[in-house]
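Structure first, commentary second.
The values are calculated or read from the model by the stated rules, or taken from the named source; none is laboratory data. None of the values given here were measured: they were computed from a predicted structure. All Cβ positions, even for glycine, are placed from backbone atoms using ideal geometry, and neighbour counts span all protein chains on display. For accessibility, only protein heavy atoms count, side chains too; no ligands or nucleic acids. Shrake-Rupley method; radii C 1.70, N 1.55, O 1.52, S 1.80 Å.
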Amino acid sequence: MSVAKKEYKRVTVKSLVDMKKRGEKISMLTAYDYTMAKIVDGAGIDVILVGDSASNVMAGHETTLPITLDQMIYHASSVVRAIHRALVVVDLPFGSYQSDPKEALRSAIRIMKESGGHAVKMEGGKEVKDSIKRILHAGIPVMGHLGLTPQSIYKFGTYTVRAKEEEEAIQLKEDALMLERAGCFGIVLEKIPAKLAQEVAESVSIPVIGIGAGNGVDGQVLVTHDMIGMTHEFNPRFLRRYMNLYEEMTNAFTQYGADIKSGDFPNDTEQY
Ligand code: KIV
């Protein structure tokens with residue numbers, strides 16, 4: 001039965017911190033549109049991320065860099081209209097917060113006012129500290145994102161595992177502590193060694209949500225289109241596919257086309 005039909009208490013940033021305290025794992029998935037968000041929320045997923053991965057998944061760009069603030073607001077407002085329970089976190093897109101804290105605050109305010117999302121997520125550590133503080137000061141909850149940060153793909157050069165070297169691992173741990181001290185309510189850790197991710201999760205009191213960061217963290221996030229197998233070319237080790245929708249949808253569309261060509265669709269019961 002769909003959980004959204006019952007009266008459920010809404011997930012808040014505070015309830016996520018309480019879940020960590022209780023040792024209850026947090027579930028998080030992406031959504032970029034109303035229909036998908038309704039299903040994800042109805043399934044009882046705690047957090048819906050309107051990720052800038054919409055740039056890849058919805059628009060077909062090679063990276064997350066091209067998506068604009070206006071486009072993120074469009075996706076986020078569609079998601080917000082669908083949800084009854086989940087916390088909606090919206091990515092600040094590339095270029096909307098890196099230049100200075102005032103611009104970062106303006107972008108975050110636009111997301112909150114125009115989409116109705118509940119929190120923003122931004123990539124980076126000490127280099128975005130002042131922007132994070134400014135946004136938090138305005139009462140907007142912020143989630144950090146460390147490890148593989150796809151908005152910096154041209155700096156990294158590849159999407160391989162981050163922080164395998166000690167120097168980067170030490171910096172990542174310092175950044176996580178800084179994010180907690182600054183007042184972030186959570187951190188996403190993407191594609192880093194499981195041992196390091198567990199150490200980070202144990203060193204902070206705020207929830208750490210992993211993607212390709214092992215099982216020693218406080219919750220997991222996946223890109224929905226990947227985990228339901230609608231995409232099929234992206235096969236990282238951390239991705240568990242729960243369905244093969246690419247194949248099922250291809251079969252359905254092929255059958256539909258064939259039924260039209262053969263004159264089988266619509267039949268007598270499918271017309272007025
Ligand atoms: O944009 C996104 O989907 C993300 C997740 C990969 C965490 O940031």
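If a/c stays under 1.5 just call it rounded; otherwise compare a/b with b/c (prolate if a/b is bigger, oblate if not). Do that for the range 27-152, with a ≥ b ≥ c from the square roots of the Cα gyration tensor eigenvalues.
Judged from the Cα gyration tensor, the range 27-152 comes out prolate (a/c at least 1.5, a/b above b/c).
Expressed as a whole percentage, what fraction of the accessible surface of the chain belongs to carbon and sulfur atoms when a 1.4 Å probe is rolled over the protein heavy atoms?
54
What stretch of the chain, leaving out the sites themselves, is the longest with no trypsin sites (Lys or Arg not before Pro) in a DSSP loop having at most 10 other Cβ atoms within 10 Å?
In the chain, the maximal stretch lacking such sites is 10-236.
Decide, for the range 1-76, between rounded, prolate and oblate: order the square roots of the alpha carbon gyration tensor eigenvalues as a ≥ b ≥ c, take rounded if a/c falls under 1.5, and otherwise choose prolate if a/b is larger than b/c, else oblate.
Note, shape of the range 1-76 comes out prolate.
Working from Cα positions, state the angle (0 to 90°, nearest 10) between the long axis of helix 101-115 and the longest principal axis of the chain.
30
Give me the percent relative contact order of the chain, please, defined on Cα pairs under 8 angstrom at least 6 residues apart.
Normalised by residue count, the contact order of the chain is 15 percent.
Helix-only mean residue ellipticity at 222 nm, the chain, DSSP H runs n ≥ 4 weighted -39,500 (n - 2.57), per residue, nearest 500. What is it?
-12000 deg cm²/dmol
If you stretched the chain out fully between residue 238 and residue 18, how much longer would it get, using 0.36 nm times the residue separation minus the C-alpha to C-alpha distance?
Difference between extended and current length: 76.5 nm.
Nearest 10 degrees, 0 to 90: what angle lies between the long axis of helix 245-262 and the longest principal axis of the chain (Cα atoms)?
Roughly 20 degrees between the two axes.
What percentage of all Cα-Cα pairs in the range 13-227 are separated by more than 31 Å?
Distances greater than 31 Å cover 10 percent of the Cα pairs.
For the chain, what does the accessible surface come to per residue with a 1.4 Å probe? Please give it in Å².
Accessible area per residue, the chain: 53 Å².
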